[in-house]
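Take a look at the structure set out below.
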Amino acid sequence: MANHSKKINLAKEQLEDAIDMLIRGRYISCLTLAGAAEEVFTGLADAKLGKNPFNLIHELINYDLAAEGHQQISRGKFRKVRNSARNLVKHHDQGDDESISINRRGQALATLGQAMISADMLEVKYKNKRKYNTWLKQHTGT
């Protein structure tokens, strides 16, 4: 029997589990769960609020690049770069290498941060936010 669920609640569960996985050092699991949550939250924020968190982050990146005298990055290129690690660990197509090289923790943190920004824009209340902040202070010196 199928269960009826709101996507926002499923994404919330994925986000909470992603934070738990980060804290446990399970960076690939964090990356894929956070990526799934981020996609739903970003789509809902765009539909409900008319604001796309991914595009806002892209604009901030380009603002910083311009301020430092660097060439800006197109939205398509930014999306490809931003999603490449997530896609590398989720998919394997004919002709792909059987091994990959990524910064597991860095990619997990970036994707989790993006999911949290989107969830916060939607005012989603989720567990483990304090645990995340404590972990972040202990592991990044911030």
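Give just the number: which of (1) assigned to a loop (DSSP other than H, G, I, E, B); (2) touching a residue at least 60 places away in the same chain (Cβ under 8 Å) does A45 not satisfy? Going through the list (1) assigned to a loop (DSSP other than H, G, I, E, B); (2) touching a residue at least 60 places away in the same chain (Cβ under 8 Å), A45 breaks only (1). Among residues of the range 1-45 being among the hydroxyl-bearing types (S, T, Y) and under 11 Å from the mean Cα position of the chain (by Cα), the one that is nearest to S99 (Cα to Cα) is T32. Of the residues Q94, Q72, the single one that is out of contact with any Leu (no Cβ under 6 Å at 6 or more places or on another chain) and free of Cβ contacts under 8 Å to residues at least 12 places away in the same chain is Q94.
Residue by residue, here is whether (1) touching a residue at least 12 places away in the same chain (Cβ under 8 Å); (2) surrounded by fewer than 16 Cβ atoms within 10 Å (Cβ to Cβ); (3) in contact with a Ser or Thr (Cβ under 7 Å, 6 or more places away or on another chain); (4) on the phi > 0 side of the Ramachandran plot holds:
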| residue | (1), (2), (3), (4) |
| --- | --- |
| Q14 | yes, no, no, no |
| A18 | yes, no, no, no |
| M21 | yes, no, yes, no |
| A34 | yes, no, yes, no |
| N55 | yes, yes, no, no |
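Here's a check for you: in the range 58-113, which residue that is assigned to a helix (DSSP H, G or I) and among the hydroxyl-bearing types (S, T, Y) is surrounded by the most Cβ atoms within 10 Å (Cβ to Cβ)?
Looking at the filtered set, the residue picked out is T111.
In the range 1-37, how many residues are out of contact with any Phe, Trp or Tyr (no Cβ under 8 Å at 6 or more places or on another chain), within 26 Å of K137 (Cα to Cα) and part of a helix (DSSP H, G or I)? Spell out the reasoning first.
Let us first name the residues in the range 1-37 that are out of contact with any Phe, Trp or Tyr (no Cβ under 8 Å at 6 or more places or on another chain), namely 1-7, 9-10, 13-14, 17-18, 20, 24-37.
Narrowing the set further to residues that are within 26 Å of K137 (Cα to Cα) leaves 13-14, 17-18, 20, 24-37.
Subsequent filtering for residues that are part of a helix (DSSP H, G or I) retains 13-14, 17-18, 20, 27-37.
Total satisfying the criteria: 16.
Every condition in (1) modelled with pLDDT under 90; (2) of a type in the set (S, T, Y); (3) in contact with a Leu (Cβ under 8 Å, 6 or more places away or on another chain) holds for S101 except the one numbered (3).
The values are calculated or read from the model by the stated rules, or taken from the named source; none is laboratory data. Everything numeric here is computed off the predicted structure, so don't read it as measured data. With ideal geometry, Cβ positions are generated from the backbone for all residues, glycine too; neighbour counts draw on all protein chains shown.
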